[in-house]
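The values are calculated or read from the model by the stated rules, or taken from the named source; none is laboratory data. Keep in mind it's a predicted model, so treat the numbers as computed, not measured. Counting neighbours? That spans all protein chains shown, and the Cβs are built from the backbone with ideal geometry, glycine included.
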Amino acid sequence: MDGKTNNIVVDIKNVEFLYEDTEETGGSRVLKDVSLQVRRGEFLAVLGHNGSGKSTLAKHLNAILIPEKGKVMVEGLDTSDESLLFDIRQRVGMVFQNPDNQLVATIVEEDVAFAPENLGVPQKEIRERVDYALDAVNMTEYKDHAPHMLSGGQKQRIAIAGVLAMKPDVLVMDEPTAMLDPAGRREIMETVKKLNREEGMTVVMITHFMEEAAQADRVVVMDHGKILMEGTPREVFSRVDEIKKIGLDVPQATELMYLLKKSGLNFETDILSADECVNVIKDVYNAAKEAL
Amino acid sequence: MIKLTDVSYTYMTGGPFEKAAVSDVNLTLNNGDFIGLMGHTGSGKSTLIQMIAGLIKPTSGTIEIDGQTLHSKDCNMRKIRFKTGLVMQYPEYQLFEETVFKDIAFGPSNMQLPDEDIKRRVEFAADLVGLAPEILEKSPFELSGGQKRRVAIAGVLAMEPQLLILDEPTAGLDPAGRDEILCKIKDMHRRLGITVILVSHSMEDLANITNRIVVMNHGRVAMHDKTSEIFKKSEELQKMGLAVPQITEICEKLRAAGLPLSEGIYTVEMAKAEIEKVLKK
Amino acid sequence: MFKDITLGQYFPGHSFIHRLDPRTKILAVIIYITSIFCIKSFLGYAVLAAFTVLCVLSSKIPFKFVLKGLKPIMIFVIITAIFNLFLTDGKILVRWSFITITYEGVRLAIFMVLRLFFLVLGTSILTLTTSPIALTDGIEYLLSPLKKVGVPAHELAMMMTIALRFVPTLLEETDKIIKAQTARGADFESGNLINRAKAMIPILIPLFISAFRRADDLAVAMECRCYRGGENRTRLRELKMKKGDVFGWFALVCLVGLIVLANVAYGRINI
């Protein structure tokens, strides 16, 4: 393997998929010629509204779904090769929306141990992995608790720990915060950012919350089964019109800049945070005051 | 008018796990208001609305709805429940009938209304939440998440309650779905003139549609005022761990930097208008 | 209502009994129950009672708490006692109009009451001192030799674990659905039996749908965590017999020995 391919953890090539799921969508959901590369160590957000195909894409990353056309390669392993199924799933850890429905055991520690137990890891190493994973999500003090006594954010962190215990190369999260309250959402974002920065974990986060996507290194916007935009959060959110047209939000700071620009004031829309916005307006105001 | 006097609720009274969810709440809500109820998880807001809806009985204190005291001897609780409609969190999980029509009709048929009345109410409620007539004959289980939720809300509306309580009606929806539901609720309030209590974590959601806001913290009412007044207290809100809208934060910081903006700006449109005025001067 | 039932509830602790290997405890309870039905004399029951008291003492669980487990079976115990008291033939003790009480009846009634009491106490001590997960592990280990004859030991244990994990979740969900349907005017309290059964439909259907959805989600999540049945699986907690277990087995052998002696003695002196 040369250096270049090694830097790509997951390579999605021209994937097409027809998804018959009448219960959820009332129709078929499609991926149309989607190509995307997940780079090692990056924090990638996939943004899109419900039914845009973002979850279908996520399910292709660890062979829950197999593309009808095209290929998904995980570290050079083809997801359509059934004999590689467990090698792929161990490399691509998946966390889902509802934290209640992914915890198996009645004790936190036992749940985190579930994956390594399945992989036949020796007992001593299971212990190490469980301790590491619980520490990485900051839940060590809850190791003897019953999952149903924890808050939503805590449960979701246990779910993340359960996946980390497999020592995956990528952490894929399918709308992990959709069912959480703001406090839980913050906990998850902090955990994910910490894992990405401190542990160098590659993260793919599927979401419809723009606040979360704004914190990623790179954002991919999906609509109608296609990749519509790709770039840094700054690049993507500055295209306020297009984002709003497909039913997504932009940060209020960006929207304010956009509205002021539209009414004839000279502002740029590549602004994400409140502080940036305050500084820009303040400078214009002070300059105008001095000019008087 | 809804009047709560010294209302408290304690879970598992007498046991080692005794926990006060709501303590000494005194609150008067006027008919026709659109009230936002805000607070983080565990602040007691869910317990409070369940008490107002007559589903659980306060451990102490009284709740009066239009002069009738809940759980008193001369109060028919089932009749009261028809007057207050409660839409719980993730209400789509309560759907059970074969068709959307039958599911929406569940409430009205429990009221033992004549068939033509039920039909009229179901159609009216479906229209209010924006469900097309052809959906009424479908099974609720083959609809999308957003549609299911609207069916569930219609199921409560069909009882034509005087007071509508919605517990986080936008949870789990994407921005488009969220805006649509909020818009329908606002429309309902305007068309029916009923009292609405909307529970939400999101101040942005509440800012745009409510005219009054109640803030709960540690089981007590921390604030109760007009929406515009509440957002003037952004510092206090942040102390309670509630995030104010980004736009409020921006305007507060600009005010601190000397820009002559008014207090308590909570929508992007308001901010735009004021900043434009200041900068174009 | 539910909080009064201590049978099947775990009482966390670190006592000698708590720390025993679950296999020791499960086998001990099986032997204990067998001996309950083998005892022929009051002397035997006295030995058993002493053993039980010692167990409860060393488990550091308050007696009151253990005895609370007897409450739900009280009615059953009384009915059994009455049947045995009045319907056993033998040496007549009291005769009053159509009621006859025999010597054998009294004896049998007392025996039945004692048997039921000890049965519940024995199993209570097991469940009170053993966490559900240890219990499941123990059962899996004990059943694993039977895998060869087709007993799905791992699958049974996995099912038990998942059931235990989801009981609180589904209880909470049931409560929510009941409240939601009550808010829509559902009436669960009035009407005849058929009406009341019908009133359960708006609760049961959403509950089933939710349970199936959860099962579906869980299956995918388990597969994503590389679950492929019990083959080649390792465990975080391997069960190991310790010194305490040796002592436990010694105590159990003593118990069985004493009961056998008591039975032999009964054959000779007849107390």
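Quick check, is C:ARG228 facing another protein chain (nearest Cβ under 9 Å), surrounded by 12 or more Cβ atoms within 10 Å (Cβ to Cβ), touching a residue at least 60 places away in the same chain (Cβ under 8 Å) and in a loop (DSSP other than H, G, I, E, B)?
On the way: facing another protein chain (nearest Cβ under 9 Å): yes; surrounded by 12 or more Cβ atoms within 10 Å (Cβ to Cβ): yes; touching a residue at least 60 places away in the same chain (Cβ under 8 Å): no; in a loop (DSSP other than H, G, I, E, B): yes.
No: the conditions fail for C:ARG228.
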**OP:** Return the only residue of B:GLU134, B:GLU123, B:GLU116 being surrounded by fewer than 22 Cβ atoms within 10 Å (Cβ to Cβ), assigned to a helix (DSSP H, G or I), within 14 Å of chain A (Cβ to nearest Cβ) and not small (Gly, Ala, Ser).
**Re:** B:GLU134
Original post:
Filter the range C:136-190 for residues that are among the aromatic types (Phe, Trp, Tyr) and surrounded by 17 or more Cβ atoms within 10 Å (Cβ to Cβ); which is nearest to C:ASP216 (Cα to Cα)?
Top reply: C:PHE166
Subject >> the range A:93-102: number of residues that are facing chain C (nearest Cβ under 7 Å) and either assigned to a loop (DSSP other than H, G, I, E, B) or surrounded by fewer than 24 Cβ atoms within 10 Å (Cβ to Cβ) (or both) >> reply: 4
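Are any residues in the range C:56-67 touching a helix residue (DSSP H, G or I) at 6+ places or on another chain (Cβ under 7 Å) and assigned to a helix (DSSP H, G or I), and if so, which ones?
We begin by selecting, within the range C:56-67, every residue touching a helix residue (DSSP H, G or I) at 6+ places or on another chain (Cβ under 7 Å); these are C:56, C:58-59, C:61, C:63, C:66.
If the condition is that a residue be touching a helix residue (DSSP H, G or I) at 6+ places or on another chain (Cβ under 7 Å) and assigned to a helix (DSSP H, G or I), then C:VAL56, C:SER58, C:SER59, C:PHE63, C:VAL66 are the ones that fit.
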Subject >> Per-region count, the range B:176-225, residues among the aliphatic types (A, V, I, L, M), modelled with pLDDT of 90 or more and in contact with a Phe, Trp or Tyr (Cβ under 6 Å, 6 or more places away or on another chain) >> reply: 1
Subject >> Selection within the range B:247-281 - in a loop (DSSP other than H, G, I, E, B), closer than 17 Å to A:GLU255 by Cα and of a type in the set (Ser, Thr, Tyr) >> reply: B:TYR266, B:THR267
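For every residue, the table says whether it meets (1) more than 14 Å from chain B (Cβ to nearest Cβ); (2) within 19 Å of B:ALA176 (Cα to Cα).
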position	(1), (2)
A:VAL203	yes, no
A:HIS208	no, yes
A:ALA213	no, yes
A:ARG218	yes, no
A:VAL221	no, yes
A:ILE227	yes, yes
A:PHE237	no, yes
A:VAL240	no, yes
A:LYS244	no, yes
**OP:** Among the residues of the range C:151-191, count how many are part of a helix (DSSP H, G or I) and at the interface with another protein chain (Cβ under 7 Å from one of its Cβ atoms).
**Re:** 13
Subject >> Within the range A:181-200, tally of residues that are without any contact (Cβ under 8 Å) to a residue 40 or more places away in the chain and aliphatic (A, V, I, L, M) >> reply: 3
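Test A:ARG157 against the criterion of being under 23 Å from the mean Cα position of the chain (by Cα), without any contact (Cβ under 8 Å) to a residue 60 or more places away in the chain and in a helix (DSSP H, G or I), and give yes or no. Explain how you work it out, then say what you get.
Numbers: under 23 Å from the mean Cα position of the chain (by Cα): yes; without any contact (Cβ under 8 Å) to a residue 60 or more places away in the chain: yes; in a helix (DSSP H, G or I): yes.
For A:ARG157, the condition - under 23 Å from the mean Cα position of the chain (by Cα), without any contact (Cβ under 8 Å) to a residue 60 or more places away in the chain and in a helix (DSSP H, G or I) - is met.
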**OP:** Could you pull out every one of the strands (runs of 3 or more DSSP E) wholly within the range B:21-94 that has 1 or more residues that are touching a residue at least 60 places away in the same chain (Cβ under 8 Å), under 14 Å from B:THR195 (Cα atoms) and within 13 Å of chain C (Cβ to nearest Cβ)?
**Re:** B:84-87
Subject >> Leading residue by the ranking (farthest from B:GLN112 (Cα to Cα)) among those in the range B:161-193 that are in contact (Cβ under 8 Å) with a residue 40 or more places away in the chain and part of a loop (DSSP other than H, G, I, E, B) >> reply: B:GLY172
Original post:
(1) more than 19 Å from the chain's Cα centre (by Cα); (2) modelled with pLDDT under 90; (3) closer than 26 Å to A:ASN286 by Cβ: which one isn't true of B:VAL244, the others all being true?
Top reply: (1)
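So in the range C:130-139, with the set limited to residues that are more than 12 Å from the chain's Cα centre (by Cα) and in a helix (DSSP H, G or I), which one is nearest to the other protein chains (Cβ to nearest Cβ)? So that I can check it myself, show each step before the final result.
Quick first cut of the range C:130-139, residues more than 12 Å from the chain's Cα centre (by Cα) only: C:131, C:133-134, C:136-139.
Now narrow it down to the ones that are in a helix (DSSP H, G or I): C:133-134, C:136-139.
Numbers: C:ILE133: 5, C:ALA134: 10, C:THR136: 9, C:ASP137: 10, C:GLY138: 14, C:ILE139: 14 Å.
Step by step, filter the range C:130-139, then rank; the result is C:ILE133.
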**OP:** Taking only the range B:140-164 into account, find how many residues are within 17 Å of the chain's Cα centre (by Cα) and among the aromatic types (Phe, Trp, Tyr).
**Re:** 0
**OP:** Collect the residues in the range B:197-214 that are buried (at least 22 other Cβ atoms within 10 Å of the Cβ) and assigned to a strand (DSSP E or B), keeping them in residue-number order.
**Re:** B:ILE197, B:LEU198, B:VAL199, B:ILE213, B:VAL214
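For the range B:99-113, enumerate the residues that are in contact with a helix residue (DSSP H, G or I) (Cβ under 7 Å, 6 or more places away or on another chain) and within 14 Å of chain C (Cβ to nearest Cβ).
Of all residues in the range B:99-113, those in contact with a helix residue (DSSP H, G or I) (Cβ under 7 Å, 6 or more places away or on another chain) come to B:99-101, B:103-109, B:111.
Result: B:THR99, B:ASP103, B:ILE104, B:ALA105, B:PHE106, B:GLY107, B:PRO108, B:SER109, B:MET111.
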**OP:** Check the range C:208-225 and report whether any residue there is closer than 23 Å to B:MET159 by Cα and either within 14 Å of chain B (Cβ to nearest Cβ) or modelled with pLDDT of 90 or more (or both).
**Re:** no
